[in-house]
Amino acid sequence: MTIENVIGTLLWTAAGAVLLFVLMGIDAYFTKYKDMAEMKKGNTAVTVRFVLKLVAQGYILSRSIVTSDDLGEALLVSFISFVILFVLEWIVEFAFRRIGDLRLDEGVRDGIVGHGLIAGSLHLVGAMIIGSCL
């Protein structure tokens with residue numbers, strides 16, 4: 001391993017970490033509750049959803065890095081994938097509300113762990129599908 005490899009790894013890791021921080025911030029902004037405040041209060045459902053969402057975004061980022069020679073392209077692909085997951089989450093939650101009156105966002109906010117698992121799993125499955133396309 002050369003010094004260029006080490007520097008490159010540090011740069012790509014730092015850029016990926018910043019992107020993940022930004023994406024999780026955007027996600028938290030659009031939820032109907034305050035992620036950090038709920039996690040501080042011990043809301044396990046919010047924590048489960050947050051962790052699964054972070055794992056999903058990390059997986060997409062790792063796949064985009066593996067398939068790209070350009071850092072900017074990898075970050076852009078990760079951001080676009082985040083938007084795709086965001087839209088898919090909205091569509092599935094809308095369908096759950098219509099079909100079964102299941103309100104995941106309210107359930108997560110209220111601490112129903114099963115709702116957090118469902119919401120987070122949607123991101124994880126979406127990430128696996130998106131990752132396989134990269």
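Can you tell me the orientation of helix 71-100 relative to the chain, as the angle in degrees between its alpha-carbon axis and the longest Cα principal axis, to the nearest 10?
Long axis of 71-100 versus the principal axis of the chain: about 10 degrees.
Rounded to the nearest 20 Debye, what is the dipole magnitude of the chain about its Cα centre when Lys and Arg each give +1 and Asp and Glu each give -1 at the C-beta? Please report the intermediate quantities before stating the final value.
Details: 11 positive and 13 negative charges, 101 e Å.
Taking the Cα centre of the chain as origin, the dipole is about 480 debye.
Cα axis of helix 113-133 to longest principal axis of the chain: angle in degrees, 0 to 90, nearest 10?
The two axes meet at around 40 degrees.
In whole Hz and in residue order, list the ³J(HN,Hα) couplings for segment 10-22 that follow from phi through the Karplus curve 6.51 cos²θ - 1.76 cosθ + 1.60, θ = phi - 60°; x for Gly and Pro.
4, 5, 5, 5, 4, 5, x, 5, 4, 4, 4, 4, 5
What whole-number distance in Å separates the alpha-carbon centres of segment 82-134 and segment 1-65?
That distance is 17 Å.
Relative contact order of the chain, please, whole-number percent, based on alpha carbon pairs below 8 angstrom and at least 6 residues apart. Intermediate values should be presented prior to the final figure.
Working: 127 pairs, mean separation 47.1, N = 134.
Once normalised by length, the contact order is 35 percent.
By how many degrees, 0 to 90 and rounded to 10, does the Cα axis of helix 44-66 deviate from the longest principal axis of the chain?
With rounding to tens, the tilt is 30 degrees.
Could you work out the helix-only [θ] at 222 nm for the chain, with each DSSP H run of four or more residues adding -39,500 (n - 2.57) and the total divided by the number of residues, to the nearest 500 deg cm²/dmol?
The helix-only estimate for the chain comes to -29000 deg cm²/dmol at 222 nm.
With P(r) over Cα pairs in 10 Å bins from 0, in percent in mind, check (i) 9, 21, 21, 19, 14, 11, 5, 1; (ii) 12, 41, 29, 13, 4, 1; (iii) 10, 30, 26, 12, 9, 7, 4, 1, 0 and report the label derived from this structure.
Derived directly from the coordinates: (ii).
The numbers here are math on the coordinates, done by the rules we state, and not lab data. Note that the structure is a prediction, hence the values are computed from the model and not measured. Quick reminder, even Gly has a Cβ in these numbers, built from the backbone with ideal geometry, and neighbours come from all protein chains shown.
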